[in-house]
1. Give the Rg/Rh ratio for the range 24-135, taking Rg as the radius of gyration of the Cα atoms and Rh as the Kirkwood radius, to two decimals.
2. So what's the range 63-200 giving for Rg/Rh, alpha carbon basis, Kirkwood Rh from the mean inverse pair distance?
3. For the range 71-156, which trypsin sites (Lys or Arg not before Pro) pass both filters: DSSP loop (anything but H, G, I, E, B) and at most 14 other C-beta atoms within 10 Å?
4. What are the chymotrypsin sites (Phe, Trp or Tyr not before Pro) within the range 183-229 that DSSP puts in a loop, where the Cβ has at most 14 other Cβ atoms within 10 Å?
5. Give me the accessible area per residue for the chain, probe 1.4 Å, as a whole number in Å².
6. In whole Hz, what ³J(HN,Hα) sequence does the range 2-7 give by Karplus (6.51, -1.76, 1.60; θ = phi - 60°), x for Gly and Pro?
7. For a quick check: with amide H placed at 1.01 Å from N, whose amide H comes under 5 Å from Asp161's, ignoring anything fewer than 5 positions away on the same chain?
8. Along each of its three principal axes, how wide is the spread of alpha-carbon positions in the range 205-322, in whole angstrom units, largest first?
Amino acid sequence: MSKKYNILIMGASYGSLLASKFLLAGHSVKLVCLPAEVELINAEGILIRMPIRGRAELVEIDSRKAPGILSACSPGEANPAEYDLVVLAMQEPQYRNPAVRDLLDRVANAKIPCMSIMNMPPLPYLARISGVDVASVRSSYADPTVWDKIDPALMTLCSPDPQAFRPPQDKLNVLQVRLPTNFKAARFESDAHTAMLKQLEEDIMAIRFDAGDGTLIELPVKLKVSESVFVPLAKWSMLVAGNYRCIQEHAIRSAKDAVHTNIDESREIYNWVIDLCKSLGATDKELVPFEKYADAAQLLESPSSAARALFAGAPNIERLDLLVKTLATQKNMKSKFVDEIVGLVDARLNANRHAQA
């Protein structure tokens, strides 16, 4: 019988999707979140809705019916030493929050392995890639110092390919999956920590779910563990060609429109980011071809979370666009389209910060 792990997930929105998989596999999960979320999740658990190929209705996963144990707490209440794995599921600027930063410091001091499912790769993960000058990209982060205490050997990255959202008409403990693809994680430096990831991968693969009619079905959204540190970077071209191009000067648009309104431009941007990843050491087999992404983007009929946050007045968002541009500069690569994206985001952030001043 495989070991059952205790997993701490920092962030209860997107983090609840991965939490549901761990719970169905029989592991214990603690979600770190806001007070209103803590109270609701401890009382009612989490509810995940996802599409299943061949089924007209969404399947609902109720954590209260899962074999694993779920609970929630505030950042100050979490004791990292009690956990085998910490999952970083908040957006990168949120780690500047004093209580969250303090928890991250305690995670670092306890030397607990961390797996990020952020779009923005934590700085300690970039330190594992020999082709990256980490010092030169610190300015791409809301506060790079929050990452300084974490040992790169204890950090891995998981490409957050599945797309999900909180339906506005539902409670905060409900998450709906729009695109049920897989989480793709790089191995840890340690064989023992990597073995834990691979056990979680196998446990999730073995889940068979009763959809309500007595039929046991296989659920989408798996955890896939790779020996390569470059596999999670496959998301970068998708984010730049899709998510950040939802942002226009005066409005936002869906990711589908961002990709398909000018498919040739989208392809050029996407492949330029692919070339950047290759310059860092990635190979074609570790990345995703544009055609596959363009097909998936047909399902993305809402603007990206970054675009929505920016036009809702956020003073900070994840700046993967700026990170990519900065890394490209190191490699003497330039894209007028990426420069335009960065300029649009910079202008909107400056306006938002001025409005709050």
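1. Working: Rg = 16.7 Å, Rh = 16.2 Å.
Rg/Rh: 1.03.
2. On the way: Rg = 15.8 Å, Rh = 16.5 Å.
Looking at the range 63-200, the ratio lands at 0.96.
3. Working: sites: Arg96, Arg101, Arg106, Lys111, Arg128, Arg138, Lys149; in loops: Lys111, Arg128, Lys149.
Listed in order of number, the matching sites are Lys111, Lys149.
4. On the way: sites: Phe183, Phe188, Phe209; in loops: Phe188.
Sparse-neighbourhood loop chymotrypsin sites (Phe, Trp or Tyr not before Pro): none present.
5. Values: 15090 Å² over 357 residues.
Value for the chain: 42 Å² per residue.
6. With the stated coefficients, the range 2-7 comes to 6, 5, 9, 9, 9, 10 Hz.
7. Lys184
8. So the three principal-axis extents are 51, 36, 29 Å.
The values are calculated or read from the model by the stated rules, or taken from the named source; none is laboratory data. A quick note: this is a predicted structure, and the numbers were derived from the prediction, not measured. Here the Cβ is made from the backbone with ideal geometry for all residues, glycine too, and neighbour counts use every protein chain on show. All accessible areas refer to the heavy atoms of the entire protein, side chains included, with ligands and DNA or RNA removed. Shrake-Rupley method; radii C 1.70, N 1.55, O 1.52, S 1.80 Å.
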